[in-house]
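Working notes for the structure below.
Bear in mind that the values in this text are calculations on the coordinates, not laboratory data. As the structure is a computational prediction, the values presented were derived from the model and not from experiment. Here the Cβ is made from the backbone with ideal geometry for all residues, glycine too, and neighbour counts use every protein chain on show.
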Amino acid sequence: MENKGKALRNIVLVSQISICVMVPLFVCVALGVWLDGKFNTNLFSLVLTILGIAAGGRNAYALVKATIVQEEAKRKRDEEALIQEKLDNYNREHKNERDE
């Protein structure tokens, strides 16, 4: 069941990354084409396309970095909980031995 949850989480992450990249790119391209039509040039499309690619890449980087930090924090919490559980079991066992 854990693997199914991870697979779904990865699918959602890929979808979020693609949306975070495509939206700024499409907005910048559309704005560039509109400005080029308005001023009869080809410069705005090129500049805004490059800007859209850079903005999308930055968004993807920030999303992936935040996901990695979140996964690391979860892994650390799980490890600490496991260590605490083992410590509690050890203390319980040795307390029973001391009481006998």
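Gain on full extension, evaluated as 0.36 nm per residue between Val12 and Leu31 minus their Cα-Cα distance, stands at 4.0 nm.
The phi-based Karplus calculation (6.51 cos²θ - 1.76 cosθ + 1.60; θ = phi - 60°) puts the 3J(HN,Hα) values of the stretch 22-38 at 6, 4, x, 5, 5, 5, 5, 5, 4, 5, x, 5, 5, 5, 5, x, 6 Hz, whole numbers, x for Gly and Pro.
Under a model in which nothing but the beta-carbon of Lys, Arg (+1) and Asp, Glu (-1) is charged, the chain shows a dipole of about 560 debye around its Cα centre. With respect to the chain, whose longest principal axis is taken over its alpha-carbon atoms, helix 43-99 is tilted by about 0°. Stretched out straight at 0.36 nm per residue, the stretch from Glu93 to Lys4 would grow longer than its current Cα-Cα span by 28.4 nm. The mean sequence separation of alpha-carbon pairs under 8 Å and at least six residues apart, normalised by the residue count of the chain, gives a relative contact order of 25 percent.
With the simple model of a label 7 Å out from the Cα in the direction of the Cβ, Gln84 to Ala62 spans 3.3 nm.
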